[in-house]
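Since the structure comes first, as structure tokens, the remarks are kept for the end.
The values are calculated or read from the model by the stated rules, or taken from the named source; none is laboratory data. Just so you know, these numbers come straight off a predicted model, no measurement behind them. Glycine gets a Cβ as well: all are built from the backbone with ideal geometry, and neighbour counts include every protein chain shown.
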Amino acid sequence: MTKGTTRRGLLKAGMAGAAGLAAGRVHAQAAPDPAIMEPQPWRTFLGDGVDARPYGMPSEFEAHVVRRNVPWLTADAVSSVNFTPLHELDGIITPNGLCFERHHGGIAEVDPAEHRIMINGLVDTPLVFTMADLMRFPRENRVHFLECAANSGMEWRGAQLNGCQYTHGMIHNVLYTGVPLRLLLEEAGVQGNAAWVLPEGADAAAMTRSIPLEKAMDDCLVAFRMNGEALRPEQGYPVRLVVPGWEGNMWVKWLRRIEVGDQPWYHREETSKYTDLLEDGRAREFTWVMDAKSVITNPSPQAPITHGHGPTVITGVAWSGRGTIPRVDVTIDGGMNWHQARMSGPSLDKSMHRFYYEFDWDGSPLLLQSRAHDSTGYVQPTKEALRAIRGENSIYHNNGIQTWAVDSDGNAENVEVG
Ligand code: MTE
Ligand code: CO
């Protein structure tokens, strides 16, 4: 680490000089660049051999790319949340170590050999599965986003947190491998009057949520792998429920039991929490689907423009719990002119999508926004439009359009327009 310090100092100085020369375009530098003219320390000695890092970790230069929390948000870390660093990522897959965490009773450290999944209630034969039993059912692989219903919840009453990691980072997008819940339910034999299921977690919080049987039989997965490897303990090792497109709270981690019933259970998490209080005192309940949403991840408050004027890449992510995202619009002037962004990467059902908009920045202040269209034709609303219907008492399901104000130095800030 120390070996390169002086060299990196030089490197920075070289780049600062070059920015002046290259103003306006991206091209090779005219001045001699020590990064080219001098041997770099890493080519003067042999590096680590294979097996020095049996489980590969990111470069030390990426040490700042981590999940972060907002300490004042919760009383302690056991029932709390941290946030995915969206501004440090590209493409659509969230690396396992960067998936935000939301625990209500801390991380359960489950021994898979001692773990069981039980199906009981309105079934012909109550069953208990070991992890080995689960592996004998046919598997599916699917990429889905998980968004906490409280994502952007701190922004209901106005712009508050300075960075997309905090305003939008309660989301991750992962390739899951798992067994369709339908197959396990069919194995137990669902009775005729059954209409709901209740997944329960093995953690100290014993997370429970009522889910309609129709959804359980449709596309829910009992998943044991994320991005190819075993689930991380933080994400529910050894097994979690995947409830595509629906609010993250229902994706029970450390899944230990599925009860089948004829009515919802009205547990704490679907009554006092995860309901949306309206202005007139009524509350919306069972608001499961995550509506279409998008955010510009770069530039953003934690990722300012540092390269000066000229060619500039705007990028971000969009998703919908109702399908795919065929189109995202981007504006750089607070909504006066909208431009269709370029989608790049797989367009998968109930998955994150990546968009880009490239333009020539003349250095004038910008008001950046993105607006997602989903495959049902739904268009992401402004925060103003959302508040007109939902009022300001809500915490959950804030999918309003986000604005970043970029000043002439390239620094970005969380603002609202309109
Ligand atoms: N499952 C259990 N057993 N315990 C929990 O605290 N939190 C829920 C859900 N499943 C929770 C749980 C909430 S509110 C969310 S948003 C997601 O898990 C978060 O999943 P993650 O930690 O993989 O991001
Ligand atoms: Co949540």
Original post:
Taking interchain pairs and intrachain pairs at least six residues apart, which have beta carbon atoms under 7 angstrom, with the first residue in the stretch 398-418 and touching a residue at least 60 places away in the same chain (Cβ under 8 Å) and farther than 15 Å from GLY335 by Cβ and the second among the basic types (Lys, Arg) and part of a strand (DSSP E or B)?
Top reply: ASN399/LYS293
Original post:
Just a yes or no: is a residue in the stretch 333-351 touching a helix residue (DSSP H, G or I) at 6+ places or on another chain (Cβ under 7 Å), of a type outside the set (Val, Ile, Thr), in a loop (DSSP other than H, G, I, E, B) and not assigned by TED's automatic domain parsing to the domain that holds PHE145?
Top reply: no
Subject >> Subset of the stretch 141-165 [within 15 Å of ligand 1 (Cβ to nearest atom), crowded, with 21+ Cβ neighbours inside 10 Å and over 16 Å from MET250 (Cβ atoms)] >> reply: SER152, GLN165
Subject >> Hits in the stretch 242-274 - residues which are within 15 Å of ligand 2 (Cβ to nearest atom) and either among the β-branched types (Val, Ile, Thr) or in a strand (DSSP E or B) (or both) >> reply: VAL242, VAL243, TRP246, VAL252
Original post:
Just checking, how many residues over the stretch 166-204 are part of a helix (DSSP H, G or I), surrounded by fewer than 21 Cβ atoms within 10 Å (Cβ to Cβ) and either of a type in the set (Phe, Trp, Tyr) or in contact with a helix residue (DSSP H, G or I) (Cβ under 6 Å, 6 or more places away or on another chain) (or both)?
Top reply: 1
**OP:** Could you grab the pairs with beta carbons closer than 7 Å, sequence gap of 6+ or different chains, first residue in the stretch 262-279 and closer than 18 Å to SER152 by Cβ and at pLDDT 95 or above, second one surrounded by 17 or more Cβ atoms within 10 Å (Cβ to Cβ) and of a type in the set (Gly, Ala, Ser)?
**Re:** none
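Can you tell which of ALA216, ALA223 is touching a helix residue (DSSP H, G or I) at 6+ places or on another chain (Cβ under 7 Å) and away from ligand 2 (no atom under 16 Å from the Cβ)?
Criteria check complete, one pass: ALA216.
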Original post:
Yes or no: LYS273 within 15 Å of ligand 1 (Cβ to nearest atom) and within 25 Å of GLN402 (Cβ to Cβ)?
Top reply: yes
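May I ask you to list the residues in the stretch 73-113 that are in a loop (DSSP other than H, G, I, E, B) and among the aromatic types (Phe, Trp, Tyr)?
In the first step, residues of the stretch 73-113 are kept if they are in a loop (DSSP other than H, G, I, E, B); the result is 74-79, 84-85, 89-95, 99-101, 104-111.
Scanning the stretch 73-113 gives a single hit, PHE100.
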Original post:
Taking ARG225, is it assigned by TED's automatic domain parsing to the domain that holds MET118 and near ligand 1 (Cβ under 8 Å from one of its atoms)?
Top reply: no
